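Student: After the structure tokens below, expect a handful of questions from me.
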Amino acid sequence: MLIKKHTNFAVVILTPPLAGEESLAKASSERTSDVLKQVQRSFVVSLLRMTGSAKLVKHSFSLIEVLVFSSILGIFFIMATSVATVSLRNMKYNEHKIMASHYSRQLEDWLRVQKEIDWGGQLCDGCVSPSNFTQLVTQQGNAADNYLTKFCFDQSPILSSWPLANSLGCNGVYSLGSIFSREVEFTSSQVGGFVNQVNATITASWLELGQLKNVTSKTVFSALEQ
């Protein structure tokens, strides 16, 4: 572009750009466009990488949460099972204990009736056919052990007749109600050959998970008992 000055006015003459300048501007514009495209492409790639990493981290945390929840749930079920097992075991033990107490009271009541029917008062002292309460409970032993005599009552309801005396008691046989044994041990005291008091120890036993359990009750019979 040429500017020529005259005295009263100025004349502006527009001239087209040189061929070299036009090529330079075009090349510069193309380079700028390429740079912008590269920057855009780098931004997109970085964004995709960041998004993928976030998803991976989120996915990893989800797996950890599932594992933790599963572990806690497993521990809970183990503890619940243990508590339930112990509770059932205690319930079964209490059930057996109630039954053993029932068998013990049943025999005590039966013995009390037998005592009331015929107390007797005499020692057996080698008698062949004991006929009353005191003779029956002094069949074994002697004065040194207070005429220690044992019986095994393995039937329920109890029969009207006495079982045979047995120094071994039930001898570990659990035939009462399929799981119990019931035996009674008598010791007697006498004055002048007359039995005035009989001590009875009733034991109902059973096996609970291989361990011996029992319920024991003691009672005293005497001629003057009211």
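Student: For each pair in Lys97/Lys218; Lys92/Lys218; Lys150/Lys213; Lys92/Lys150, compute the distance between the two Cα atoms and list the pairs where it is over 23 Å.
Tutor: Those over the limit are Lys92/Lys218; Lys92/Lys150.
Student: Note down, for the range 100-222, the three equivalent ellipsoid semi-axes (square root of 5 times each alpha carbon gyration tensor eigenvalue), biggest first, whole angstrom.
Tutor: 26, 14, 13
Rule-based calculations on the coordinates, nothing more; no lab input. All figures in this text were calculated on a predicted structure; none of them were measured in a lab.
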